[in-house]
Amino acid sequence: LVIDGEALVQAVVRDISASKAAEGLLRESEERYRLITEKSTVGVYLHQEGLFRYVNGAFARLFGYRPEEIIDTYGPLDFVVAEDQPFVLAMLESRMSGVTSGDHYEFRGRRKDGTVIHLEIFGTLLMYQGRRAIHGTIVDITARKEAEKQVAEERQRFLRLSEHAPFGLAMLDAANRYTYVNPKFKALFGYSV
């Protein structure tokens with residue numbers, strides 16, 4: 001700009017320190033979330049439009065893959081055993097339609113090598129890039145399921161043995177209340193079997 005033969009500079013100055021501070025906080029928040037999800041020992045995922053848009057390393061290892069093999073290639077039903085697919089599909093549809101915003105359920109999954117595993121999932125409906133998505137975590141509960149099965153089998157074995165025992169057998173709780181008596185115990189004390 002030239003006025004009366006003199007060159008002048010005209011400028012507009014805006015204070016962007018608040019904007020820069022907000023950008024820094026956003027970067028810090030994104031880094032914290034990335035660090036937490038990538039270092040997590042439980043699987044973390046984002047599912048949208050039938051495909052996983054994000055999975056962390058724990059999720060991928062759970063099924064025997066690398067994250068890049070799953071993202072934008074596989075969907076939830078690809079990792080579910082055939083018998084459990086109708087149930088899982090109903091849960092997904094319910095959540096995606098907004099009938100339920102969050103869910104917690106168990107199902108059986110299949111690893112890349114064909115191994116069947118028991119899984120527990122926690123998911124919630126959210127908006128991602130303007131569209132509905134499900135964000136959640138997934139945990140391998142195979143060991144717990146096997147332990148529960150063993151406990152149930154031991155309980156059945158105990159009941160079979162005690163029901164046919166030639167002696168009376170009773171179990172009491174901490175308050176000295178009977179929690180179990182076998183038929184022989186009932187007969188010895190005159191109760192109907």
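The single condition among (1) more than 30 Å from SER97 (Cβ to Cβ); (2) crowded, with 16+ Cβ neighbours inside 10 Å that LEU26 does not meet is (2). Of all the residues in the stretch 37-67, those that are open to solvent by 50 Å² or more (accessible area, probe 1.4 Å), modelled with pLDDT of 95 or more and among the hydroxyl-bearing types (Ser, Thr, Tyr) number 1. Across the stretch 91-141, the number of residues qualifying as over 20 Å from TYR54 (Cα atoms) and over 13 Å from the mean Cα position of the chain (by Cα) comes to 10.
When you check ILE121 against the structure, is it hydrophobic (A, V, I, L, M, F, W, C) and either without any contact (Cβ under 8 Å) to a residue 40 or more places away in the chain or open to solvent by 80 Å² or more (accessible area, probe 1.4 Å) (or both), yes or no? The answer is yes for ILE121. Across the stretch 68-88, the qualifying residues are those that are in a helix (DSSP H, G or I) and among the charged types (D, E, K, R), and the one among them that is least open to solvent (accessible area, probe 1.4 Å) is ASP84. A single entry from ALA18, ALA60, ALA22 fulfils the requirement of being assigned to a helix (DSSP H, G or I), small (Gly, Ala, Ser) and in contact with a helix residue (DSSP H, G or I) (Cβ under 8 Å, 6 or more places away or on another chain): ALA60. State whether the residues of the stretch 98-111 include one that is at pLDDT below 95 and polar (S, T, N, Q). So far as the stretch 98-111 goes, yes, one or more of its residues are at pLDDT below 95 and polar (S, T, N, Q).
The values are calculated or read from the model by the stated rules, or taken from the named source; none is laboratory data. All values derive from a computational prediction rather than experimental measurement. FYI the Cβ positions are ideal-geometry reconstructions off the backbone, even for glycines, and counts take in every protein chain you see. Please note that ligands, DNA and RNA were not included when accessible areas were found on the heavy atoms of the full protein model with its side chains. Shrake-Rupley method; radii C 1.70, N 1.55, O 1.52, S 1.80 Å.
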